[in-house]
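Peer 1: Dropping a structure here in structure tokens format, bear with me for questions.
Nothing in this text is a laboratory measurement; each read-out follows from the coordinates by a stated rule. Computed from a predicted structure; not experimentally measured. Neighbour counts are summed over all protein chains in view; Cβ atoms, including those assigned to glycine, are modelled from backbone coordinates with ideal geometry.
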Amino acid sequence: MHKGIFITIEGPDGSGKSTQVSHIKGFLEKKGYEVLLTREPGGTGIGEKIRQILLDKDHKEMSATTETLLYAASRAQHVEQVIVPALREGKAVLCDRFVDSSIAYQGKGRGLGPEAVTDINKFATQGLEPDITILLDIDPEVGLNRAKATKGADRLEQEKLDFHRRVYEGYRVLAYMYPDRIKVIDATKTVKEISEEIENKLSSVVRKG
């Protein structure tokens, strides 16, 4: 059992996660938490190297299975080296993407099936699950246009719109399946409105302050 709280933030590309991650970190610190801000793929030296491989636009030949296993490998290192130790120390761990991303992107987007991807990641994470997940909901076409306007598209962002629509549907199914954990936020609202709604949703797990 861990003493800290584990919060993840999810959403399609261009949903505004980075902006809200910064706000959530400030909110948690005001509540008295020591916050560990991390991301996937990545979060460790090994994970960041795997991230470079995964998002490299030159790796178009990568198979869906390889992609899934690389994400899980990065996650396994992340959980063991960073996330679990921080939770044991009572920290609030705020992670940009976690297992839900793999289920949406590889399970649904790549067509590998949510069950297979879930099983792989249960092994990788030792069964660790977030206390709460914030899902920023935005139409994939709108999100992609946002993402491409702010930065160059990585390997996954370069996929066709049909892929991103499947990913979006994957997220919607997860939100339906796990309503107690996954809190859906309309990402088309203003930054301030989204931040306030997230704070409200986090009240169920934030105990300090």
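Peer 1: Starting from the Cα of ASP58, step 7 Å along the direction of its Cβ; do the same at LYS3; then give the gap between the two resulting points in nm.
Peer 2: Using points 7 Å along Cα→Cβ, the separation is 4.7 nm.
Peer 1: Among SER74, LEU54, LEU156, whose Cα lies farthest out toward the positive end of the dipole of the chain, if unit charges sit on the beta carbon of Lys, Arg (+1) and Asp, Glu (-1)?
Peer 2: SER74
Peer 1: Now a separate question. From the cross-link list LYS17/LYS60; LYS3/LYS25; LYS160/LYS192; LYS122/LYS192; LYS31/LYS183; LYS60/LYS183, which pairs have alpha carbons spaced over 24 Å apart?
Peer 2: Check vs 24 Å cut-off fails for LYS17/LYS60; LYS160/LYS192; LYS122/LYS192; LYS60/LYS183.
Peer 1: Okay, next question. Which one of GLY16, ILE198, GLY170 has its Cα pushed farthest toward the positive end of the charge dipole of the range 5-202, where Lys and Arg give +1 and Asp and Glu give -1 at the Cβ?
Peer 2: The listed residue farthest towards the positive side: GLY16.
Peer 1: Between LYS30 and THR190, how many nm apart are label points set 7 Å from Cα along the C-beta direction?
Peer 2: 1.6
Peer 1: Determine the sum of side-chain charges near ILE138: Lys and Arg each +1, Asp and Glu each -1, restricted to other residues whose C-beta is under 11 angstrom from that of ILE138.
Peer 2: So the environment of ILE138 carries a net charge of -2.
Peer 1: So if I place +1 on the C-beta of Lys and Arg and -1 on the C-beta of Asp and Glu, and nothing else carries charge, what would the dipole magnitude of the range 5-202 be about its Cα centre? I want it in debye, nearest 20.
Peer 2: So the magnitude is around 240 debye.
Peer 1: Need the full-extension length gain, VAL205 to THR19, defined as separation in residues times 0.36 nm minus the C-alpha distance. One decimal, nm.
Peer 2: 64.9 nm
Peer 1: P(r) for the chain, please, calculated from all Cα pair distances in 5 Å bins and given in %.
Peer 2: In whole percents, the pair-distance histogram is 1, 7, 16, 20, 22, 17, 11, 4, 1, 0.
Peer 1: Starting from the Cα-Cα distance between GLU129 and LEU69, subtract it from 0.36 nm times their residue separation and give me the gain in nm to one decimal.
Peer 2: Difference between extended and current length: 19.8 nm.
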